[in-house]
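Student: My questions will all concern the structure given below.
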Amino acid sequence: MELHAYTQYDAVGLAGLVARGEVTAAELTEAAQAAMEAVNPRINAVVESWPAEDTPVPGSTPLAGVPFLVKDLAVSVKGRRVELGSRLAAGNVAGEDSFLMRRFRRAGLVTLGRTGTPEFAFSTTTEPLLYGATRNPWDLTRTPGGSSGGSAAAVAAGITPLAHATDAAGSIRVPAASTGLFGLKPTRGRVSLGPEADEVFNGLAVHGGLSRTVRDSAALLDLIEGPETGDPYFAQRPRRPYLEEITREPGRLRVGLVTTPWSGRAVEPAVREAALVAARLLESLGHAVEVTTVDLGVSWEEFVLANARLWCANLVQWIDGFAGASGRPVDESTVEPEMLASYAWGRGVSGVQFVRALDVRNRVARAIGAHFEAQDVLVTPTLPEVPVALGAYGRGAENADGLGWVEHLFHRSPFTAAFNVAGTPAMSVPLASDPATGVPIGVQFAAGYGREDLLFRLAAQLERAAPWAERRPAVWAGATPVA
């Protein structure tokens, strides 16, 4: 299959070709591998590739036969390395498939490799020392976001139409916004994190995907949602498949518009304008939009401190575990400076402080949950700025401790983390571009607990009204005419 043809289809479209016998899954795999060879040397999105291991049954699911990539974090593929972007974990091999990987296999997805992530996912840029920086296909001098930056760059450049991603403070939505993709963070408890973990970052982190079309993300969530034995959270199962939801109108929604983050930091004019244009589009579609404020339940300082305690205490367990397993020291030869500082700070978090952080999580969840009783959807910029230059992300935080690093991370992405703490779903929709640079700008939409159905309906409506799938970055696998 020629690359320019392969890249014209989304995942559901490719699976349809396989189901109808127009191409085989093996031919799609060959095309994906050719796409990887064509563009990955320029963007460094895929850090390891391997031959297809599964033989899907054509037509067995809406994604059967589709090439796929997993993030180098939080999902285990038996016999394959999972290194969390860290030199400390280099060479770590998974002994079994995680629950999610088993679902990817049952979905008929053909996993061909793993994508880059910042060390331990502690950043919203993807510039680890282990494998080097991932570059944004729209502008190779800029970040693709993070921590799912490798997955985002791969999908944006046309290597695969769909890829695995995770999100603990914006790590699906930030790279989606940075690379012109659709990315939805599911509700807490929607997708299992087991069996090695019952929860990651104490319920802040979730699994999902990144895609170029809404229906691909809907199809993926249909195939991976639902609890496994021993899961600590349970999100009510959807009333109907999300692929069906996207064919339904959302109705007239009560929409709140927020353009100033809880932190109070400035928002770039082009980004703010993108949110305002999205609000006007919503009004033209019949929705009621009003400027609003959202009670976070705590001060911004309390919010950041609680997140830092949860994040850094969890980091201590991860680092100690990998150090014990590998016999490597925990120092600058194995761990990056920001992570060493966060590790040292996390070792000082007391049990009482940890419990207080969980109390903050509860207050934030109650406050944001209450807001969704008054309004159906919140609209914000996904990020306060366009994607920054590679190497610029950490400036100003060179000597930060763990709290300082989390403060810096949340300064870079102040709109996204609240919905992780609350456990509610949120999505970034690629509705705009920066007039000055041409790089994408995402707009975030959030809804109440368990309301992915509402977000998918709205996303599909927006996709029909302001389609984005035909936009192409500077680095695009489909520009290569022959496979």
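The values are calculated or read from the model by the stated rules, or taken from the named source; none is laboratory data. Bear in mind the structure is a predicted one, so any value in this text is a computation, not a measurement. Positions of Cβ are backbone-derived with ideal geometry, glycine not excepted, and every protein chain shown enters the neighbour counts.
Student: Do any residues in the stretch 319-340 that are at pLDDT 95 or above have Cβ atoms under 6 Å from those of residues that are basic (Lys, Arg), where the two are at least six apart or on different chains, and which pairs are they?
Tutor: Matching pairs, first to second residue: THR334/ARG87; THR334/ARG328.
Student: Quick one: which of VAL174, VAL206, VAL191 is among the β-branched types (Val, Ile, Thr) and over 23 Å from VAL443 (Cβ atoms)?
Tutor: VAL191
Student: Against the conditions (1) touching a Lys or Arg at 6+ places or on another chain (Cβ under 7 Å); (2) aromatic (Phe, Trp, Tyr); (3) at pLDDT 95 or above, where does TYR242 fall short? Just the number, please.
Tutor: Only one criterion is unmet by TYR242, namely (1).
Student: Of all residues in the stretch 182-205 being among the hydrophobic types (A, V, I, L, M, F, W, C) and more than 9 Å from the chain's Cα centre (by Cα), which is nearest to ALA460 (Cα to Cα)?
Tutor: Taking the candidates together, the pick is PHE182.
Student: For GLU463, only one of the following conditions fails: (1) at pLDDT 95 or above; (2) assigned to a loop (DSSP other than H, G, I, E, B); (3) in contact with a helix residue (DSSP H, G or I) (Cβ under 7 Å, 6 or more places away or on another chain). What is its number?
Tutor: Every condition holds for GLU463 apart from (2).
Student: Next question, about the same structure. With the checklist (1) assigned to a loop (DSSP other than H, G, I, E, B); (2) over 20 Å from the mean Cα position of the chain (by Cα); (3) within 23 Å of ALA45 (Cβ to Cβ) in hand, flag the one item TRP468 doesn't pass.
Tutor: Of everything listed in (1) assigned to a loop (DSSP other than H, G, I, E, B); (2) over 20 Å from the mean Cα position of the chain (by Cα); (3) within 23 Å of ALA45 (Cβ to Cβ), TRP468 misses just condition (2).
Student: Inspect the stretch 72-79 for any residue being free of Cβ contacts under 8 Å to residues at least 24 places away in the same chain, touching a Phe, Trp or Tyr at 6+ places or on another chain (Cβ under 9 Å), over 20 Å from VAL316 (Cα atoms) and in a loop (DSSP other than H, G, I, E, B) and give the result as yes or no.
Tutor: Within the stretch 72-79 (the criterion being free of Cβ contacts under 8 Å to residues at least 24 places away in the same chain, touching a Phe, Trp or Tyr at 6+ places or on another chain (Cβ under 9 Å), over 20 Å from VAL316 (Cα atoms) and in a loop (DSSP other than H, G, I, E, B)), the answer is no, since none of the residues qualifies.
Student: Also, I was wondering about something else. Just the residues that are in contact with a helix residue (DSSP H, G or I) (Cβ under 7 Å, 6 or more places away or on another chain), part of a loop (DSSP other than H, G, I, E, B) and more than 15 Å from LYS71 (Cα to Cα), please, taken from the stretch 115-148.
Tutor: Of everything in the stretch 115-148, those that are in contact with a helix residue (DSSP H, G or I) (Cβ under 7 Å, 6 or more places away or on another chain), part of a loop (DSSP other than H, G, I, E, B) and more than 15 Å from LYS71 (Cα to Cα) turn out to be ARG135, PRO137, TRP138, LEU140, THR143.
Student: With the structure loaded, tell me whether SER151 is at pLDDT 95 or above, buried (at least 22 other Cβ atoms within 10 Å of the Cβ), among the hydroxyl-bearing types (Ser, Thr, Tyr) and part of a helix (DSSP H, G or I) or whether it fails that test.
Tutor: When the stated conditions are applied, SER151 passes them.
Student: What number of residues within the stretch 293-314 satisfy the criterion of being within 16 Å of GLU407 (Cα to Cα) and under 24 Å from the mean Cα position of the chain (by Cα)?
Tutor: Selection size over the stretch 293-314: 12.
Student: Which of (1) under 30 Å from PRO241 (Cα atoms); (2) over 18 Å from the mean Cα position of the chain (by Cα) does PRO430 not meet, given it meets every other one?
Tutor: For PRO430, the exception is condition (2).
Student: Residues of the stretch 250-273 being closer than 27 Å to GLY286 by Cβ, surrounded by fewer than 18 Cβ atoms within 10 Å (Cβ to Cβ) and not β-branched (Val, Ile, Thr), which ones?
Tutor: GLY251, ARG252, ARG254, ARG272, GLU273, listed by residue number.
Student: Now a separate question. For the stretch 92-114, how many residues meet the condition of being in a loop (DSSP other than H, G, I, E, B), out of contact with any helix residue (DSSP H, G or I) (no Cβ under 6 Å at 6 or more places or on another chain), in contact (Cβ under 8 Å) with a residue 60 or more places away in the chain and small (Gly, Ala, Ser)?
Tutor: The qualifying residues number 2.
Student: Report the residue count in the stretch 26-46 for those that are surrounded by fewer than 23 Cβ atoms within 10 Å (Cβ to Cβ) and within 17 Å of ARG80 (Cβ to Cβ).
Tutor: 2
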